[in-house]
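J.: Below is the structure I would like to discuss, written out as structure tokens.
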Amino acid sequence: MGENKGNRTVAIGLMLFALFFGAGNLIFPAAMGQAAGINVWWAVLGFVVTGVGLPLAGVLAMGYSGCKNLQELAGRVHPAYGLFFTVISYLTIGPFFAIPRTGSVSYEIAVRPFLQSGGSEAIMTGFLVLFFLISLWLSISPQKLVDRIGKILTPALLLAILLLIAKSFITPLGSPQEPIAAYGTASIAAVQGILDGYNTMDAIASLVFAILVIEFVMEDGATTPSAITREVFKAGAIAVGCLGFVYIFVAKIGADSVAAFGIQETGAPVLSKSAMILFGNAGAVILAIIVLLACLSTAIGLITSCASYFNELIKIGYKKWVVIFTLISFFVAMFGLKTIITAAIPVLMFIYPLVVAIIILAFLHNAFGGRQCVYAWTIGLTLIPAIVTGLQTAEFSLGHIDTIFATMVPLHSLGMGWVCFTIAGFVIGFIWKSIFSSSSNGVTAK
């Protein structure tokens, strides 16, 4: 019985890995490796914090919280904030960035490297039309075929990456070069790696995907909060362990590849060119097919999730939401991979501090009696630097506010200025709770 349960835990862990793992998890460490050069391992250290640690913490936080969905967890701050945060999260991992990215990455890896002309807007448009039409068809009529494709594709993609990694050790592409300025020293590279990890969007996704994991472990007999948290941790550790392995060695391939073909605009050509050098055209074709199908599978999963959530909010019909999100994703994908990545950064700089804050609060919930004032003060103060950093990253001038943050807020220049605000908010909220420690009606005071 124990062995079966162990096998079940492994299966749930691999399912979670499959949900997390998309082509984006390959292109960002590859691009980071190129830019970090000889400081690649410091950058990887930072990347693992937000690309591995935070998704695991997110899954655990949902399990520990006992909440049935993300909106309920974020709603502990205020119902309006719960709705706002959940909508922003779904749009970020959905039609605004992650779904369009699946189409763009597919084109960059599966089509463009094989075009002698280097591609054109007409060819890209034709490909994206086909890609999103297939996604639309399979999302409107979900079939077991999609699940089977996912179960076959994830191991196949992993196998392809493992072969790429192994070959990169046998016949190295080259040696790491000097880093670019953003990774100039070990400490700066580590901090930049933390920010690079935001790009995976997995910490946001973990708060959504965790619900599936919790449902599975409860079906297997875990009923108490401690048992649910323990089983969720086991499954989560398997998932993020696999992610971490991929990140480390793909980043190394990126660092080694600069000597072979120079710095690339994104991580997509790094992978395709590396596969071509290491395995020839046949290897590049196999990688292209697997990545294409994996992206398609990811797109279908995200469209389905987003359409289901938004149909609960506004009941216009699941199929209509699928059409809406597919169309938005197509038009965003038309801007190209580099533009999508660049546009996502300010949004991620805004949302990630809020993600980290709500995860921490979920773990500390019992320590402050779950009082709303602690949630509200912590998130309220975290919102201030999150908004400022997001706007600054989008190159909006805030006048005197820019000067104040640059000179008076610790770690702001590194993109981590929110940390002191979050701590201050928690302390103020805790003091507030202590002063107003009870309510007249016997219900926990806000």
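J.: Mind checking which residues of the stretch 361-376 are open to solvent by less than 20 Å² (accessible area, probe 1.4 Å) and part of a helix (DSSP H, G or I)?
T.: Across the stretch 361-376, the qualifying residues are Leu361, Ala362, Phe368, Cys373, Val374, Tyr375.
J.: For the stretch 214-228, enumerate the residues that are in a helix (DSSP H, G or I), under 16 Å from Val59 (Cα atoms) and either out of contact with any Gly (no Cβ under 7 Å at 6 or more places or on another chain) or of a type in the set (Ser, Thr, Tyr) (or both).
T.: Glu215, Phe216, Val217, Met218, Ser226, Ala227
J.: Restricting the search to the stretch 184-215, which residues are surrounded by fewer than 24 Cβ atoms within 10 Å (Cβ to Cβ) and under 21 Å from Gln34 (Cβ atoms)?
T.: Gly184, Thr185, Ala186, Ser187, Ile188, Ala190, Val191, Ile194, Leu195
J.: To continue, here is another question. Run Thr154 past the list (1) part of a loop (DSSP other than H, G, I, E, B); (2) open to solvent by less than 30 Å² (accessible area, probe 1.4 Å); (3) at pLDDT below 85; (4) hydroxyl-bearing (Ser, Thr, Tyr) and report the number of the one that doesn't hold.
T.: Condition (1) is where Thr154 drops out.
J.: For the stretch 393-418, how many residues meet the condition of being open to solvent by 30 Å² or more (accessible area, probe 1.4 Å) and touching a residue at least 24 places away in the same chain (Cβ under 8 Å)?
T.: Residues meeting the conditions: 4.
J.: Being among the hydroxyl-bearing types (Ser, Thr, Tyr) and in contact with a helix residue (DSSP H, G or I) (Cβ under 9 Å, 6 or more places away or on another chain), is that true of even one residue in the stretch 407-421?
T.: Yes.
J.: In addition: Anything in the stretch 332-348 that is part of a helix (DSSP H, G or I) and either free of Cβ contacts under 8 Å to residues at least 60 places away in the same chain or touching a helix residue (DSSP H, G or I) at 6+ places or on another chain (Cβ under 8 Å) (or both)? List them, or say none.
T.: Val332, Ala333, Leu337, Thr339, Ile340, Ile341, Thr342, Ala344, Ile345, Pro346, Val347, Leu348
J.: Name the helices (runs of 4 or more DSSP H) wholly inside the stretch 39-78 in which the number of residues that are open to solvent by less than 60 Å² (accessible area, probe 1.4 Å) and farther than 13 Å from Gly193 by Cα is 3 or more.
T.: It comes to 54-65, 70-74.
J.: Is there a residue being part of a helix (DSSP H, G or I), touching a residue at least 12 places away in the same chain (Cβ under 8 Å), farther than 25 Å from Gly51 by Cα and not polar (S, T, N, Q) anywhere in the stretch 242-257?
T.: no
J.: Turning to a different aspect of this structure: Collect the residues in the stretch 216-228 that are open to solvent by 20 Å² or more (accessible area, probe 1.4 Å) and either farther than 15 Å from Gly13 by Cβ or of a type in the set (D, E, K, R) (or both), keeping them in residue-number order.
T.: Met218, Glu219, Asp220, Gly221, Thr223, Thr224, Pro225, Ser226
J.: Also: Of all residues in the stretch 301-343, which are closer than 21 Å to Thr86 by Cβ, modelled with pLDDT under 95 and open to solvent by less than 10 Å² (accessible area, probe 1.4 Å)?
T.: Answer for the stretch 301-343, where residues must be closer than 21 Å to Thr86 by Cβ, modelled with pLDDT under 95 and open to solvent by less than 10 Å² (accessible area, probe 1.4 Å): Ile303, Cys306, Ala307.
J.: Can you go through Ala80, Ala98 and tell me which one is in contact (Cβ under 8 Å) with a residue 40 or more places away in the chain and closer than 30 Å to Ala362 by Cβ?
T.: Step by step, each of Ala80, Ala98 is checked, and only Ala98 is in contact (Cβ under 8 Å) with a residue 40 or more places away in the chain and closer than 30 Å to Ala362 by Cβ.
J.: Taking the condition more than 27 Å from Ala260 (Cβ to Cβ) and open to solvent by less than 20 Å² (accessible area, probe 1.4 Å), does Gly103 pass?
T.: It is true that Gly103 is more than 27 Å from Ala260 (Cβ to Cβ) and open to solvent by less than 20 Å² (accessible area, probe 1.4 Å).
J.: Go through (1) surrounded by fewer than 19 Cβ atoms within 10 Å (Cβ to Cβ); (2) under 22 Å from Leu70 (Cβ atoms); (3) hydrophobic (A, V, I, L, M, F, W, C); (4) within 20 Å of the chain's Cα centre (by Cα) and name the single condition Phe245 misses.
T.: Phe245 satisfies all of (1) surrounded by fewer than 19 Cβ atoms within 10 Å (Cβ to Cβ); (2) under 22 Å from Leu70 (Cβ atoms); (3) hydrophobic (A, V, I, L, M, F, W, C); (4) within 20 Å of the chain's Cα centre (by Cα) except (2).
J.: From the list Ile351, Ile379, Ile358, pick out the single residue that is open to solvent by less than 70 Å² (accessible area, probe 1.4 Å), closer than 14 Å to Ile423 by Cβ and in a helix (DSSP H, G or I).
T.: Going through Ile351, Ile379, Ile358 in turn, just one is open to solvent by less than 70 Å² (accessible area, probe 1.4 Å), closer than 14 Å to Ile423 by Cβ and in a helix (DSSP H, G or I): Ile379.
J.: Could you tell me whether any residue of the stretch 392-405 is among the acidic types (Asp, Glu), outside any helix (DSSP H, G or I) and modelled with pLDDT under 95?
T.: yes
J.: Just to be sure before I move on: is Lys234 assigned to a helix (DSSP H, G or I), basic (Lys, Arg) and surrounded by fewer than 19 Cβ atoms within 10 Å (Cβ to Cβ) in the structure I sent?
T.: It is true that Lys234 is assigned to a helix (DSSP H, G or I), basic (Lys, Arg) and surrounded by fewer than 19 Cβ atoms within 10 Å (Cβ to Cβ).
J.: Output the number of residues of the stretch 109-132 satisfying the condition of being in a loop (DSSP other than H, G, I, E, B) and in contact (Cβ under 8 Å) with a residue 12 or more places away in the chain.
T.: Here the count works out to 2.
J.: Follow-up. May I ask you to say which residue of Ala260, Ala288, Ala268, Ala282 is assigned to a helix (DSSP H, G or I) and without any contact (Cβ under 8 Å) to a residue 40 or more places away in the chain?
T.: After ruling out the rest, the residue left standing is Ala282.
The values are calculated or read from the model by the stated rules, or taken from the named source; none is laboratory data. Just so it is clear, the model here is predicted, and its values are computed rather than measured. Virtual Cβ from ideal backbone geometry, glycine too; neighbours counted across all protein chains shown. Note: accessible area is taken over every heavy atom of the protein model, side chains too, but ligands, DNA and RNA are not part of it. Shrake-Rupley method; radii C 1.70, N 1.55, O 1.52, S 1.80 Å.
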